[in-house]
Amino acid sequence: MIRQVVFDMGNVLIEWDPDKIVARLGVVGEDAKLLRREVFDCLEWTAMDHGTMTQDEGLARIRRRLPERLHGAAERCVRDWWKDELVHIEGVEPLIREIDALGYGLYILSNATSFLHDYFDRLPAHECFRGLIVSADWGLLKPERAIYEKLFEEYGLRPEECFFIDDNPLNIDGARCVGMPGAVFFRGDAARLRRELNEAGIPVRKEL
């Protein structure tokens with residue numbers, strides 16, 4: 001029986017769109033493509049989420065690949081992207097509150113830097129969550145087996161009693177490998193997620 005529901009963050013609770021982050025900085029054209037690639041699609045970004053590289057170290061390496069005119073924009077992408085508006089994924093907040101009202105435990109498991117703690121209270125229905133595992137805090141990343149096991153260990157959970165929601169199929173596969181069922185969240189389709197929760201035995205309304 002499912003007793004806990006575990007949510008990813010990016011593109012599940014809030015929108016994660018590097019192209020929009022770059023656009024908000026006023027960077028356009030080839031510079032925008034370069035900034036997008038060298039900041040967000042790089043090994044350093046993953047290492048910072050992993051907690052194996054500090055932001056200072058990552059930013060220094062990123063800057064070496066960029067012209068000086070983009071150094072300021074790169075720093076804002078790395079350090080300050082979360083200080084802009086955090087767009088909540090439509091339909092997710094009422095779903096979280098409904099699951100909470102049904103008595104299920106709610107948790108977050110996210111690949112992110114430790115800055116997540118600074119904007120946690122801006123996440124939808126943040127007060128409903130009983131626990132939070134941030135990858136950089138533990139030096140672990142989804143879909144590594146150890147990060148799921150850290151969630152279970154830290155909060156005294158049984159994998160078979162948890163249901164995991166993530167937008168990345170690889171992360172759902174990783175969860176299933178340790179005995180935690182789940183569903184891929186296709187961004188914007190909260191109705192589909194409600195149906196999948198129902199199929200897992202969680203009696204949320206199928207539609208609002």
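The values are calculated or read from the model by the stated rules, or taken from the named source; none is laboratory data. The structure presented is a predicted model; accordingly, all values stated were derived computationally and were not measured. Here the Cβ positions follow ideal geometry from the backbone for every residue, glycine too, while neighbour counts run over all protein chains shown.
A few comments on the model shown:
- Scanning region 152-185 for residues that are among the acidic types (Asp, Glu), touching a residue at least 40 places away in the same chain (Cβ under 8 Å) and not in a strand (DSSP E or B), we see that the one that is farthest from Leu141 (Cα to Cα) is Glu161.
- Across region 165-184, the number of residues qualifying as of a type outside the set (Val, Ile, Thr), under 15 Å from Asn111 (Cα atoms) and crowded, with 17+ Cβ neighbours inside 10 Å comes to 6.
- Odd one out for Asp118, checked against (1) of a type outside the set (A, V, I, L, M); (2) surrounded by fewer than 16 Cβ atoms within 10 Å (Cβ to Cβ); (3) farther than 20 Å from Trp45 by Cβ; (4) more than 14 Å from the chain's Cα centre (by Cα): (3)
- Matching residues, region 69-101, being over 19 Å from the mean Cα position of the chain (by Cα), surrounded by fewer than 16 Cβ atoms within 10 Å (Cβ to Cβ) and not assigned by TED's automatic domain parsing to the domain that holds Glu44: Ala101
- Of note, Glu38 does not satisfy the criterion of being part of a helix (DSSP H, G or I) and assigned by TED's automatic domain parsing to the domain that holds Ile147.
- Test: residue in region 16-26 that is within 18 Å of Arg122 (Cα to Cα), surrounded by 13 or more Cβ atoms within 10 Å (Cβ to Cβ) and in contact with a Cys (Cβ under 7 Å, 6 or more places away or on another chain): yes
- Top-ranked residue of region 148-160 - restricted to ones that are out of contact with any Phe, Trp or Tyr (no Cβ under 7 Å at 6 or more places or on another chain) and crowded, with 16+ Cβ neighbours inside 10 Å, ranked as farthest from Gly51 (Cα to Cα): Leu157
- Hey, Lys142 without any contact (Cβ under 8 Å) to a residue 24 or more places away in the chain and surrounded by 15 or more Cβ atoms within 10 Å (Cβ to Cβ) or not: no
- Applying the condition of being more than 15 Å from Phe7 (Cα to Cα) and hydrophobic (A, V, I, L, M, F, W, C) to region 125-139 and asking which residue is surrounded by the fewest Cβ atoms within 10 Å (Cβ to Cβ) yields Trp138.
- Long-range neighbours under 7 Å by Cβ, at least six apart or interchain, first residue in contact (Cβ under 8 Å) with a residue 24 or more places away in the chain within region 41-63, second part of a helix (DSSP H, G or I) and among the basic types (Lys, Arg): Gln55/Arg79
- For region 56-67, the criterion of being under 27 Å from Asp166 (Cα atoms) and under 19 Å from the mean Cα position of the chain (by Cα) is met by none of the residues.
- Scanning region 1-14 for residues that are farther than 11 Å from Asp167 by Cα and crowded, with 17+ Cβ neighbours inside 10 Å yields a total of 4.
- All helices (runs of 4 or more DSSP H) inside region 64-148 with 2 or more residues being of a type in the set (Val, Ile, Thr): 92-101
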